[in-house]
1. Would you please put 223-233, 169-179 in order of how densely packed they are, using the mean number of other Cβ atoms within 10 angstrom per residue and starting with the highest?
2. If I histogram all Cα-Cα distances within the range 99-180 using bins 10 Å wide from 0, what percent of pairs lands in each bin?
3. Could you go through the range 169-186 in sequence order and give the Karplus-derived ³J(HN,Hα) for each residue, using 6.51 cos²θ - 1.76 cosθ + 1.60 with θ = phi - 60°, rounded to whole Hz, and x for Gly and Pro?
4. Lys and Arg at +1, Asp and Glu at -1: add these up for the other residues within a Cβ distance under 13 Å of L327 and post the number.
5. Only four residue types carry charge here, +1 at the Cβ of Lys and Arg and -1 at the Cβ of Asp and Glu. Report the dipole size of the chain about the Cα centre in Debye, rounded to the nearest 20.
6. How many angstrom lie between the C-alpha centres of the range 258-328 and the range 149-202?
7. For the pair D397 and S77, what calculated FRET efficiency results from E = 1/(1 + (r/R0)^6), where r is the Cβ-Cβ distance and R0 = 60 Å, to the nearest 0.05?
8. Sort largest first and round to whole Å: the equivalent ellipsoid semi-axes of the range 292-429, each the square root of five times a Cα gyration tensor eigenvalue.
Amino acid sequence: MERVVSLCKRRGFIFQSAEIYGGFRSTYDYGPLGVNLLRNVKNAWWEAMVQRRVDVVGLDAAVLSPPAVWEASGHLSNFTDPLVDCLSCHQRWREDKIDGACPNCGSTEFTEARAFNLLFETHAGPLEDEGTVAYLRPETAQGMFVNFANVLQTTRKRPPFGIAQVGKSFRNEITPQNFVFRTREFEQMEMEYFVPPGEADRWFKYWLDERYRWYTDLGIPTEQLRLRHHDRDELSHYSVATADVEFNFPWGWDELEGIANRSDFDLKAHSAASGEKLEYFDQTGGEPYVPWVIEPAAGATRAMMAFLLSAYREDEVGGEARTVLKLHPRLAPYQVAVLPLSRKEALEGLSNDVLDRLVPHFACDYDVTQSIGKRYRRQDEVGTPWCVTVDFDSLEDRRVTVRDRDSTEQVRLDLDAVAGELSRRMGRL
Ligand code: ATP
């Protein structure tokens, strides 16, 4: 864990927010490499959940919302964690996340637990009175329920169909911890899949399998991933069944994603509170009904951390130690690095020519500093799957060396063939 965190800082994946002012607890900024990785995680999700499916459409709803939404959803009364104070050192903890002893001083004496609401409250407009209260959304899901009728009318979809959204959510977590695993500001990737009530069980199982496979397809080994069904007393206020996709983090198994059968709870609650009909009516016959909802809810920033942890390796190449991120090429911040062997003008000229051919297809880095061995190590460390080296022979024969991150194997290719060969390698994955 410490090594991955240190790599993230050292190589520009993740910085402590407001670091020059001493940092702001539990907030992070994603640097030049982190922003690529995070974007790739979100794109891979969007591609699997929206782009490749005709039964799912996208949405991008507002982060700020009025109290009515959270009143109806149950978050104003139920979105709480049990807060306890240590009677010895007065630190505050989330009761269900400590094992009976204060993680700071070891004392086992605490106050009675109080329900602490995690919603971030703010005021919209210049007056700070009750009428201006607004909330930062703690999940993206409500945006989909509130827009259910809009989407139904404008897309003419019929159940089973889904509405998907990727975006920021905010929770005033009592104890944010474990780097970007639990933060107060984070990104979610959620989909609400609306189904006829009688089909809810079948679709719940379907989405468990789909979502598990998404992580393994992107390189997380099955030994590090499991599905865990919630016990009855663990279920959220809206859920009739939930299972988590869990990853084996350095501190043990913990949640990556929750897949819940939310029944008709949300549509009924918003319908009752708003007075709008939120149901599906099949024009060709049948009674109108309120669809049930299966929700796969994942964290983008949390998933990014799991991908980093499972990709991190320290191995040896030719008797030399190296650090390598064996990230799936679709997730890697850069897919290709173009490396001219030296700074000679002719080499840089040809390298730029190679770069021009690759940038339309791949995220590319370009590096001319230090020895070629050091540059290979630097690219291994940030997970670049392929390096393309341009040397003096290249000027004569217009062939370049393509080096593979995982096997370190090198092949010589005609520079006209490089883009095609790398696309083939990507396509095979
Ligand atoms: P937990 O029990 O860990 O507090 P949760 O079960 O309340 O999480 P959900 O409401 O199911 O979480 O949110 C869906 C997903 O959003 C989680 O699986 C996680 O990946 C992500 N997520 C939730 N809270 C946070 C957070 N504070 N920081 C980062 N990601 C989060």
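1. 169-179, 223-233
2. Once binned at 10 Å, the Cα pair distances of the range 99-180 give 12, 26, 26, 22, 10, 3.
3. 10, 9, 9, 7, 4, 5, 10, x, 6, 6, 6, 8, 4, 10, 10, 7, 10, 8
4. Taking every other residue near L327 into account, the sum is +2.
5. The dipole magnitude comes to about 980 debye.
6. 6 Å
7. Computed FRET efficiency for S77 and D397 comes out at 0.25.
8. Whole-Å semi-axes of the equivalent ellipsoid: 30, 18, 13.
The values are calculated or read from the model by the stated rules, or taken from the named source; none is laboratory data. Quick caveat, the model's predicted, so the values are computed rather than measured. Please note: Cβ atoms are built from the backbone with ideal geometry, for glycine as well, and neighbour counts cover all protein chains shown. These area figures cover heavy atoms from the full protein model, side chains too; ligands, DNA and RNA do not enter into them. Shrake-Rupley method; radii C 1.70, N 1.55, O 1.52, S 1.80 Å.
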